[in-house]
Structure formats: C-alpha cells, structure tokens
1. Quick one: Cα convex hull volume of the chain, Å³ per residue?
2. Quick one: which of 102-108, 177-183 comes out on top by average Cβ neighbours within 10 Å, and what's the full order, highest first?
3. Label region 1-129 by shape, choosing from rounded, prolate and oblate, from the square roots a ≥ b ≥ c of the eigenvalues of the Cα gyration tensor; if a/c is under 1.5 it is rounded, and otherwise prolate applies when a/b is larger than b/c, oblate when it is not.
4. In nm², what is the average projected area of the convex hull enclosing the Cα atoms of region 98-203?
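Read-outs throughout are calculated quantities, based only on the coordinates presented, and are distinct from any laboratory measurement. Only a predicted model underlies this, so the values are computations on that prediction, with no experimental measurement involved. For neighbour counting, all protein chains shown are included, and Cβ atoms are generated from backbone atoms with ideal geometry for every residue, glycine included.
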Amino acid sequence: MTHIKVINPNTARAMTEAIGLCARAVAAPSTTITAVSPSMGPASIESHYDEALAVPGLLAEIAAGEHAGVDGYVIACFGDPGLPAARELASGPVVGIAEAAMHAATLVGRGFSVVTTLSRTVGRAWDLAHQYGFANACRGVHACDIPVLELDDPASDARRVVTELCAAAAEADGSDSIVLGCAGMAAFCAEVSREVGFPVIDGVAVATKLVEALVSLGLRTSTRGEYAPPRPKEYAGLLREFTVE
C-alpha cells in the first residue's frame, strides 16, 4: 500500500475535494490518496504575496504527513509553492504539479503552451519553465483571466473559455500539447482534451502517478546536499511552532 498526501496549498475546501477526486481517478487501487488544505493561508493563490503566505501552512501539512507515515506528496498548486522546503522535510518524494506537467508535455511532443488563470501569473509560469529547464519547449503562456475560485462557477463559463483558449494557444504557438496552469482546472482536463483533439495535461494527475512511481522504485529526495534536513534552530513569533530541533 502506498499513501500519497495531495496538498492544495490554499484553504478552499471545495477545490481540495475536487483535486482529491482527480488524484484518486488515476491512482492505483493499492494507493491511498489523502487530499488536504492547510488550516492557515490564502483562499486562493494568485500573487507572490499569496504564494509566500501559503508556504507555512503547506509545510505544516508536510510535517503532519511525516508523523502519519505518508509515503509521498503532491503539491497541488501550479506555482509549486514551497517545493524545495517541502523536499527538505519529507522522507519520501515530493512533486509539484507544474514541474510534473511540464515534464509530461516534453514526453508527448516537441513544444507545449500553458493556459493559466490571471494575466498576472503569466510571468510566474515562465519563471518555472526556465527554472525546470523547459523554456525551449514552452512556446507560450496564455491567461484566461478567470480567478481561481471562479473556475467551478457555472456563471464564469470556465470550461468553454479554457477549451477555446487551449485551441487558440496551440494554433498560435504551434504547440503539440497544452499544460493547464491551475489545479482548479483538473476537473475538466479530460473534457477539454477530447474537445480540442490533442493532449491537455493536468499536473495533479501526472504528479500523482510520478509519486507512485518514485515510491515503487524506492526513490526519494537525496539528502546528500541542498535538500538535507534543515539545521536545528529556533523560530520566533508566529513561526515559533516551526522551530527545528
């Protein structure tokens, strides 16, 4: 049995439940998926400020998972917030959905485009493409300008808007696939892919399968260098509970 904890770093419980369903849909029968939101943090992550303040709650969930014997983790936010820090804390593998989705896109075509939420997040998506070494494969980042928490609102018509933008982005960029730039889009990934007729990639699903594979192979984050556990030290004020002993 493999136990994977899927962490939605925002506090939107309905979104977390939807993300959990998407992860369970692809997980092996022998894999247990626990989908959680932190007890503290932003309702959605749409800025650098949101992302920074989401990290403490995320790390608290990693620490709780370590006490519970979790085998691996998925960070279900396209900014991959706190990913390096989470890898320092976790004994098992930790995979972010942006890194996972971009990896997958390079395996099914020569170039991909990202379809994300707000225009202000376009730069962050490009930063990650460069950071992960996929800048040459990423041919464009396009925003649908629908806020994260409106993606499941029928009034926003998000599925139609995202579907049309995926088709237009692939045509404009000459891309072979689309990476969805928000975990909140996971619920309609398959529907969009069927509609446009080429691969549309949801990082929640890919990250879940990657963590399964890494666990089954006995592979975990190396602690030889940068990702060694953090050095013991005291933290003050609101971060006192994060003191490393």
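1. Value for the chain: 121 Å³ per residue.
2. Details: 102-108: 19.1, 177-183: 28.9.
Highest to lowest by the protection proxy: 177-183, 102-108.
3. Oblate, since a/c reaches 1.5 and b/c is not below a/b.
4. Details: hull surface 22.3 nm².
That works out to 5.6 nm².
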